[in-house]
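The values are calculated or read from the model by the stated rules, or taken from the named source; none is laboratory data. Computed from a predicted model, the values in this text were never measured in an experiment. Quick reminder, even Gly has a Cβ in these numbers, built from the backbone with ideal geometry, and neighbours come from all protein chains shown. These area figures cover heavy atoms from the full protein model, side chains too; ligands, DNA and RNA do not enter into them. Shrake-Rupley method; radii C 1.70, N 1.55, O 1.52, S 1.80 Å.
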Amino acid sequence: MAIRVRNSELVLRQTSISPEVIEQVNRYDDYLEALFNDDYSFLRDATKTALQYLLSGNYPDLKSLAEENYRNNEKIRQIFPTLEEYLSEQHFPLIGKKSCSLDLATGSGKSYLLFAISQIALCEGLVNRVLVLCPSLTIEEGLSGKFNDLNSRGDLLVLLRSVNPGFVQPEIKNANESILVNDICIENIHATYSRTGSSVDDSFREDGADVLVLNDEAHHIYTGASDSRDKKWLDFLKDEKYGFRYIIGVSGTPYYRDRNGEYNQYFLDVIYRFSIKDATEHGIVKKLDAKKYDEYKDDKGYQDVWALHLRNKEKYGKYLKPLTIVVCASIADAIVEWKMLVDFLTIHAISREEAMKKVIWVTSGLPSSAKDKERIKGIPERNDKSAEQVRQENLTLLKTVDNADNPVEWIVSVAMLTEGWDVKNVFLIVPHKQRAFNSKLLIAQVLGRGLRVPPSLKKEGISPLISVCNHEKWTPEINDLYNEVAEIENRLSWGYDERREEYAFSLYNLHYEPVETTTESKDTPAEFTGKFGFGDQRRLAEYKQEYAVSGEISYAFEDKEFYETDVAVANLHAYLKDKNEKLALEWPKTRLKNAIIQELSAKGYEEGYLSKANYHNAQRSFGSFFWEMGKLVPRISLRPDSLITREIKDFSVQSFSEESLRTHGAFFFTDDSSKWYTGDESILFTQFTKIDEEIHNLEQEKAGTKIDRVKAILDEEISRLDDFKTKLNLIPGSKFRSPLNAIFVSYTPEIEFTKALFHHADSFKCIIKSADKGFYSFPYSYKPAQKGKTHPRQENFNPDFFLWVKNTNDIVVVEIKKEKDDRQKNKAKLRDGTTHFDFMNNKLGENGIPDRYFLKFISPEANDISGFFQAVSNKMYREWKSILMEQLGGL
């Protein structure tokens, strides 16, 4: 198994901070509490980490901090065999200065962090001025606005003066005027190159040692070519005529070129990291919803994207206007793709005039090469406006694109956009070509466009998703990069293996029928609203995509399921006549047809047919007419009815992440489990099962070296593999009596039970570890609170194991819980589960079926696990009860 180093393992740790410096920084706790609420408490940690480094005398420069980490961090030494290689200028271009980087996911509040560091650095007297640099005018404007707003807060000023009574509130300026003592200057980096109109040279020449330089979107410092304007950013910071000493870069995409020339190398001077995964888990940004599967592999234009866009409008449109962005690799690509999207919407959805309003292209400039100029010739102009005028108008629209009165719903841009991007309503990202998504830097930037959470959804407590609709054909090629940036782990699946059919058996379940429990009556007659509720309809065939979080989404090509309008009217009238003849007389065919055509026309749909979905919408619109006045209408509950079967071949494929296996899970497999896997999963499974060989090789390597440092690295890796080895359980074929190729269980109680289960496998004919959801379930209800008038909640119970006892027709159903887990939910599961299987056993008997089911709740408490298997061995399992079952006995 190859050694893998995560970005978090490269973060520089400060182990030599003195207690005095810690106390010095802690004096600003009240200030940081006031500036960052609990949701953003990580920004307090980031600020304090940066300040400790800046104020510490134990780290006179970045080199001293890097050397300390090289000595202490074996992961770094595994990547860089020598200190010289690690400390090279390529990795640490500002190594002689007190410089560092902070990695904070887009949308996590970098502007507030920069402000906090600025004010405290001035309050401490560490520096007498602050220079904040950014890559564009748009970002400069945004930063200036936020800094001025925060600087006007009197409460923050009071708290700073409680630490330093002589603190003077700084002025926020740009380089159009002289930068004086106690000023904070915010400027785009390009102004620093200007010989006119900028005070940067006059203000900072030979005074840089007393200036803190903060760099927003700091990846631009390292992404430029040798002759590019961005490359001059680094030259400016290193220029000895200024003598800058204190330099901090902040970025949500901290990657520069690796040895292969791709932007995949993580910054090595990062001292604090708050990743996309961290931000997602804190609810700070949207949760990523990546495409896993696409049924239609060829070019589909924007069919699927349109379906996803409509889904987002349906899901979030009540609260805001959802946006979709298309990210291209170049400016020319973006302009050409803008036209293609407008053409698609014109043909399939809306008028061209409306499409031109809803779709804009956003770039930092226009193409410069003759070839690209020819590609876009005539495309971006509009009426009497040039391409540059249109571009500037689009940039203006971008500033208010989240507003409901701004008509824009689609934005086509380039991946490496230098303009500011503070749009919050993005819910769908479409990487147009692989080149727009083929490095860690590009992936992180593209994802960053949609991470911010709109305030309206925060207010409603809604946790939104950001979907990424990359092309199916090149998903495997960018998958590893995408997973690493988003910290999505390698996954291994498990499920039904037809080669193990001898262990398959049918499971019986119950169909639950809605039945009347209480009633209510209708006192007023129904009135037709005049609307059938027709949705979008086109004659297209349906295909499906699957997303990691939200599941399946359907999109369509040439739908064959539709009704010509006259046929739909005839069917609908016959439906009304069958349900209520009086209603059918009130709604003759002529009236129905006119109403249908009127709504189709009003919504801009073709009048000659109804899609199947819209036909059912029309039926449902009359549903309330079938209630009779004064008649009691039942309230419905679920009750068990007839027997149904669940076949193991319908078992949905399960999967687990490599990280979950390392941290808390266990994997059980047998000699022929490997035959189930293909592709990347086969490689991963092989890595899992060859740990002994890898440990042996490492031990041989250790025995052959005399270098203590190398031995220490090898010892750590051997120890890590030994620990991982305990998570892997090879079960002899004679004991693995399951129709599944392998089994993964998540936590200690399940692990302990499963190990014991395979030890006692001879007591069972077949073993099934059920899926967490979607395979075998039945309803149960419970009150969440033990006291008070809470409404019952209905959920589905998915038991853990089905064990067919050898030489019987008995199936023991096992639910595993932790010790003393006597919550209301578990009491209800045992109660309703017992009722379910008792009722089902009676049904089985009535139908002459010999199978019988017995539900057991088991935890590792006392000797419950061994007691259970002893009861199975002694044929006493039917009556046997665990300690946990005794505890759950009453509600």
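Overview of values
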quantity	calculated
Pair list, Cβ < 8 Å and 6+ apart or interchain, from the stretch 152-173 residues that are more than 19 Å from Glu33 (Cα to Cα) to residues that are in a helix (DSSP H, G or I) and among the small types (Gly, Ala, Ser)	Pro170/Ser118; Ile172/Ser144
Every pair of residues 6+ apart whose Cβ atoms lie under 8 Å, when the first sits in the stretch 25-42 and is in a helix (DSSP H, G or I) while the second is at pLDDT 90 or above and among the acidic types (Asp, Glu)	Ala34/Asp155
Of all residues in the stretch 78-92 being part of a loop (DSSP other than H, G, I, E, B) and out of contact with any Lys or Arg (no Cβ under 7 Å at 6 or more places or on another chain), the one that is surrounded by the most Cβ atoms within 10 Å (Cβ to Cβ)	Phe92
Wholly within the stretch 641-757, helices (runs of 4 or more DSSP H) carrying at least 3 residues that are open to solvent by 70 Å² or more (accessible area, probe 1.4 Å) and not β-branched (Val, Ile, Thr)	691-703, 708-725
Helices (runs of 4 or more DSSP H) (entirely within the stretch 110-205) containing at least 2 residues that are open to solvent by less than 30 Å² (accessible area, probe 1.4 Å) and touching a His at 6+ places or on another chain (Cβ under 7 Å)	none
Subset of the stretch 795-813 that is in contact with a Ser or Thr (Cβ under 9 Å, 6 or more places away or on another chain) and charged (D, E, K, R) - its residue that is most open to solvent (accessible area, probe 1.4 Å)	Lys806
Test for Val446: is it in a helix (DSSP H, G or I), modelled with pLDDT of 85 or more and open to solvent by less than 10 Å² (accessible area, probe 1.4 Å)	no
Residue within the stretch 4-27 that is farther than 30 Å from Gln169 by Cβ, acidic (Asp, Glu) and either open to solvent by less than 50 Å² (accessible area, probe 1.4 Å) or in contact with a helix residue (DSSP H, G or I) (Cβ under 8 Å, 6 or more places away or on another chain) (or both) present	yes
Selected residue (only one of Thr565, Thr529 is in contact with a helix residue (DSSP H, G or I) (Cβ under 9 Å, 6 or more places away or on another chain), of a type in the set (Ser, Thr, Tyr) and at pLDDT 85 or above)	Thr565
Single residue of Leu492, Leu441 found to be modelled with pLDDT of 75 or more and either open to solvent by less than 30 Å² (accessible area, probe 1.4 Å) or farther than 26 Å from His309 by Cα (or both)	Leu492
Subset tally (residues that are over 16 Å from Tyr776 (Cβ atoms), hydrophobic (A, V, I, L, M, F, W, C) and part of a strand (DSSP E or B)) for the stretch 797-844	1
Filter result for the condition that a residue is open to solvent by less than 40 Å² (accessible area, probe 1.4 Å) and under 35 Å from the mean Cα position of the chain (by Cα), over Lys97, Lys75	Lys75
Of the criteria (1) surrounded by fewer than 13 Cβ atoms within 10 Å (Cβ to Cβ); (2) at pLDDT below 80; (3) out of contact with any Gly (no Cβ under 9 Å at 6 or more places or on another chain); (4) not in a strand (DSSP E or B), which one Pro634 fails	(4)
Of all residues in the stretch 874-887 being closer than 21 Å to Asp851 by Cβ and of a type outside the set (Lys, Arg), the one that is surrounded by the most Cβ atoms within 10 Å (Cβ to Cβ)	Tyr877
Scan of the stretch 321-350 for residues that are within 19 Å of Gln303 (Cβ to Cβ), part of a loop (DSSP other than H, G, I, E, B) and not aliphatic (A, V, I, L, M), ordered by number	Pro322
Glu68 free of Cβ contacts under 8 Å to residues at least 12 places away in the same chain, over 30 Å from Lys690 (Cβ atoms), part of a helix (DSSP H, G or I) and not aliphatic (A, V, I, L, M)	no
Pairs where the first residue, in the stretch 689-718, is closer than 22 Å to Phe667 by Cβ and the second is open to solvent by 70 Å² or more (accessible area, probe 1.4 Å), C-beta under 6 Å, 6+ apart	Ile691/Lys725
Residue count, the stretch 869-880 (criterion: in contact (Cβ under 8 Å) with a residue 24 or more places away in the chain and either touching a strand residue (DSSP E or B) at 6+ places or on another chain (Cβ under 7 Å) or of a type outside the set (S, T, N, Q) (or both))	5
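Yes/no matrix, rows are residues, columns are (1) among the hydroxyl-bearing types (Ser, Thr, Tyr); (2) closer than 14 Å to Val430 by Cα; (3) touching a Cys at 6+ places or on another chain (Cβ under 9 Å):
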{"residue": "Lys277", "(1), (2), (3)": "no, no, no"}
{"residue": "Lys286", "(1), (2), (3)": "no, no, no"}
{"residue": "Asp304", "(1), (2), (3)": "no, yes, yes"}
{"residue": "Leu310", "(1), (2), (3)": "no, no, no"}
{"residue": "Ile325", "(1), (2), (3)": "no, yes, no"}
{"residue": "Ala329", "(1), (2), (3)": "no, yes, no"}
{"residue": "Glu337", "(1), (2), (3)": "no, yes, yes"}
{"residue": "Leu341", "(1), (2), (3)": "no, yes, no"}
{"residue": "Met356", "(1), (2), (3)": "no, no, no"}
